[in-house]
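Since the structure comes first, as structure tokens, the remarks are kept for the end.
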Amino acid sequence: MKLIRAASICRALSFSLGIAALLAVALAAHAEDPVKKVTIGFAAPLSGPAGAVGQSQQFAIEMALAEVNAREFRVNGQQIVFNLLVQDDRGDPRAAALVADYLVRSGVVAVIGHWNTGASVVASKIYHAAGIPQIAPGSSGRIYTQAGYKNVFRIIGHDDDGGIYASRFAVQNLRARRVAVIDDDTDFGRMLANQFVKGLSQQGITPVARQSVSSKTSDFNAALNECKAQNADLIFFGGLGPQVATLTHSIRRMTPNSRLLAADGTVGPLFLHMAGADGEGTYALAWGQTQEKMNGWKKFKEKYTALHGDRIELFAPFAYDAANMIFAAIRQADSTDPKRIAATLHAMKYTGLTGVIAFDDEGNLVNPVYTVYQVQQQKWMPVQAFGGR
């Protein structure tokens, strides 16, 4: 009897030890495979005149992160969760270089940003050296992708096309004949203005005035005096939206008979707020189709408005798509290695909020759409669309 009882005890002990061993293995496996945190970088002006533009992009990206994190996302069998590392580059190239260096050292696997071309050009060199993919939701200057970096992308059209389309609209739709051209003395502004002038030339029009002002100035007196002396019926400005809003006040005071055509970051609630009544009648070229025609716009707007109010800047949907493209590339590559993400982005054709997104060899958006808007009764109203297929 004692031998039988001893054998039973041994069997029970062996079974318990076996269960304990299995539990230990399971716990060890779980300890080796925790939820992995993956960081996405975001850089834009979050303070200063364009701060509202950057903040709107940030809100849209945070929405995309919340949505993807609400679903189980696995890479190579391991569950991951995405974090967003946000940096304010103030729209300044020098600050952008510091921000880019910090994001690289922080171990981000991809970057959404920067907003303006000057910041993106400087930062792209740093991301290129680190092999980190960069998707700019608002840098339209052609120079941004001309270096040929394989990790650099833009999710909007570039200004070589935009300047030509704007010139066609000026001549064919507005019937402008005495056109003055002003730029903000940045690489972006000068190149955009040059493309606009090139487009005018193709239509037999020579500008009656060609002026440059500082991107920091609010004093347009000298440039507008020349426009007035030349009896300009249209003024084209190559510069960013907040400065365009300041320009409208000076035009209303000095050359009220001159219409204004602007581009790059002008369309949106920030301009309407800054320009007020003086912005009435302003034309501006913007990227993409009208928001109401975007696939899923109603759902996006409802969610955004519930979280942050209804001041949705033009670039927010593009930033939202940039984030979702990065998630899709990571899923498709089954890797969070930045170089593999960049290679996958080049091969992708993604249908997002703003439309079908694919990139050419330089990282430019294929078949971009442009829309000209006009301020009518304190609202941006679409007037003419260009591009796309």
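The values are calculated or read from the model by the stated rules, or taken from the named source; none is laboratory data. Predicted, not measured: the structure shown is a model, and the values here were computed from it. Cβ coordinates were reconstructed from backbone atoms using ideal geometry, including for glycine residues, and neighbour counts include every protein chain displayed.
Yes/no per residue for (1) within 12 Å of the chain's Cα centre (by Cα); (2) assigned to a helix (DSSP H, G or I); (3) farther than 18 Å from residue 305 by Cβ; (4) without any contact (Cβ under 8 Å) to a residue 24 or more places away in the chain:
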| residue | (1), (2), (3), (4) |
| --- | --- |
| 42 | yes, no, yes, no |
| 60 | yes, yes, no, no |
| 71 | no, no, yes, yes |
| 81 | no, no, yes, no |
| 87 | no, no, yes, no |
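Being under 30 Å from residue 361 (Cβ atoms), of a type outside the set (D, E, K, R) and in the same structural domain as residue 344 (by TED's automatic domain parsing): is that true of residue 151 here? When the stated conditions are applied, residue 151 passes them.
Scan the range 126-140 and tell me whether some residue there is in a helix (DSSP H, G or I), modelled with pLDDT of 95 or more, outside the structural domain of residue 241 (by TED's automatic domain parsing) and under 17 Å from residue 51 (Cα atoms). Within the range 126-140, none of the residues are in a helix (DSSP H, G or I), modelled with pLDDT of 95 or more, outside the structural domain of residue 241 (by TED's automatic domain parsing) and under 17 Å from residue 51 (Cα atoms).
If you filter the range 121-135 down to residues that are of a type in the set (Gly, Ala, Ser) and in contact (Cβ under 8 Å) with a residue 40 or more places away in the chain, you find that the one that is nearest to residue 348 (Cα to Cα) is 131. The C-beta contact set for the range 199-222 (first residue closer than 10 Å to residue 179 by Cβ, second residue outside any loop (DSSP other than H, G, I, E, B) and hydroxyl-bearing (Ser, Thr, Tyr), distance under 6 angstrom, 6+ apart or interchain) comprises 200/167. Among the residues of the range 325-358, those identified as of a type in the set (S, T, N, Q) and either outside the structural domain of residue 113 (by TED's automatic domain parsing) or free of Cβ contacts under 8 Å to residues at least 40 places away in the same chain (or both) are 332, 344. Can you say whether residue 196 is part of a strand (DSSP E or B), outside the structural domain of residue 93 (by TED's automatic domain parsing), touching a helix residue (DSSP H, G or I) at 6+ places or on another chain (Cβ under 7 Å) and under 24 Å from residue 280 (Cβ atoms), as far as the supplied structure shows? No: the conditions fail for residue 196. Only residues that are touching a strand residue (DSSP E or B) at 6+ places or on another chain (Cβ under 8 Å), under 22 Å from residue 250 (Cα atoms) and surrounded by fewer than 21 Cβ atoms within 10 Å (Cβ to Cβ) were counted in the range 186-228, giving 9. Residues that are charged (D, E, K, R) and outside any helix (DSSP H, G or I) were ranked within the range 207-254; the one that is farthest from residue 267 (Cα to Cα) is 210. Being at pLDDT below 95 and either surrounded by 15 or more Cβ atoms within 10 Å (Cβ to Cβ) or more than 16 Å from residue 154 (Cβ to Cβ) (or both) is the requirement here; does residue 292 meet it? So residue 292 fits the description; yes.
When the range 250-295 is examined, which residues are found to be over 12 Å from residue 373 (Cβ atoms) and within 22 Å of the chain's Cα centre (by Cα)? The answer is 264, 265, 269, 270, 273, 274, 292, 293, 294, 295. Within the range 64-82, the set of residues being in contact with a Ser or Thr (Cβ under 9 Å, 6 or more places away or on another chain) and surrounded by 14 or more Cβ atoms within 10 Å (Cβ to Cβ) comprises 75, 80, 82. Within the range 173-193, restricting attention to residues that are in a loop (DSSP other than H, G, I, E, B) and touching a residue at least 60 places away in the same chain (Cβ under 8 Å), the residue that is farthest from the chain's Cα centre (by Cα) is 176.
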